[in-house]
Amino acid sequence: MKKCLAAGLLVVLFASISVLGQSAAADDPATREDVTKLFDVMNSREQIHAVMDAMLKQQRAMLRTIIKKEYPDTSDEQLQRYDSVMDNFVKSFPIDSLLDDMAPVYQKHLSKADVEAMVAFYSAPTGQKLLREMPGMMTDSMQAMAPRLQMMIEKMKQRVEQVAKDEHEKKAGSTPKPTS
């Protein structure tokens, strides 16, 4: 009986130590290697590149509209040169350096256990599907939000212009008139 009780206590003790050890591991900070593995599993380089391509297409269209409005005599050749400048900028964008900059941020906010769970999710079929669909989802979302954002930007612009006009009128009204 004593042997069974002692064995039971040992099992409980080892289980407690194991749980305590796991709790400590859950609080361990993620290492740079952990975060780098997460970035690799998430195909972060490709994701950033895809998002940048989507943004570039929209920015190119907006820039062309602005240029044509400001400089109506702009030729198609000139627009193509501007497109080329934007393309070269994106191609030379230092994605690896960005990921290096991001790693400490992930380390600050995520524990080793968090990163391991994320690696497990993004390694699974559902996580991989999310990663494949994300650029398209972002593009579609940006297009869906564009009209609302444009209206909000226009309202903000009108409000700022009104405040500036009101301040200008107030300042002009408070200026003493010259006496003759």
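The values are calculated or read from the model by the stated rules, or taken from the named source; none is laboratory data. Everything numeric here is computed off the predicted structure, so don't read it as measured data. Using ideal geometry, Cβ is built from the backbone for each residue, glycine included, and neighbour counts are taken over all protein chains shown.
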Scan segment 100-111 for residues that are among the basic types (Lys, Arg) and in contact with a helix residue (DSSP H, G or I) (Cβ under 8 Å, 6 or more places away or on another chain) and report the count.
-> 0
Please work out which residue is farthest from residue 43 (Cα to Cα), limiting yourself to segment 112-153 and to residues that are in contact with a helix residue (DSSP H, G or I) (Cβ under 9 Å, 6 or more places away or on another chain) and of a type in the set (Asp, Glu).
-> 114
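Of all residues being among the hydroxyl-bearing types (Ser, Thr, Tyr) and surrounded by fewer than 10 Cβ atoms within 10 Å (Cβ to Cβ) in segment 132-180, which is modelled with the highest pLDDT? Just the residue, please. I'd like the intermediate steps shown before the answer.
Narrowing segment 132-180 to residues among the hydroxyl-bearing types (Ser, Thr, Tyr): 139, 141, 174-175, 179-180.
Subsequent filtering for residues that are surrounded by fewer than 10 Cβ atoms within 10 Å (Cβ to Cβ) retains 174-175, 179-180.
On the way: 174: 69, 175: 59, 179: 62, 180: 56.
Residue satisfying both the conditions and the ranking: 174.
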For segment 66-180, please list each of the helices (runs of 4 or more DSSP H) lying entirely inside it that holds at least 2 residues being in contact (Cβ under 8 Å) with a residue 40 or more places away in the chain.
-> 95-109, 112-123, 125-174
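Return the only residue of 125, 135 being over 21 Å from the mean Cα position of the chain (by Cα) and over 21 Å from residue 33 (Cβ atoms).
Residue meeting the stated conditions: 125.
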Subset tally (residues that are polar (S, T, N, Q) and either surrounded by 14 or more Cβ atoms within 10 Å (Cβ to Cβ) or under 24 Å from residue 28 (Cα atoms) (or both)) for segment 85-130 | 4
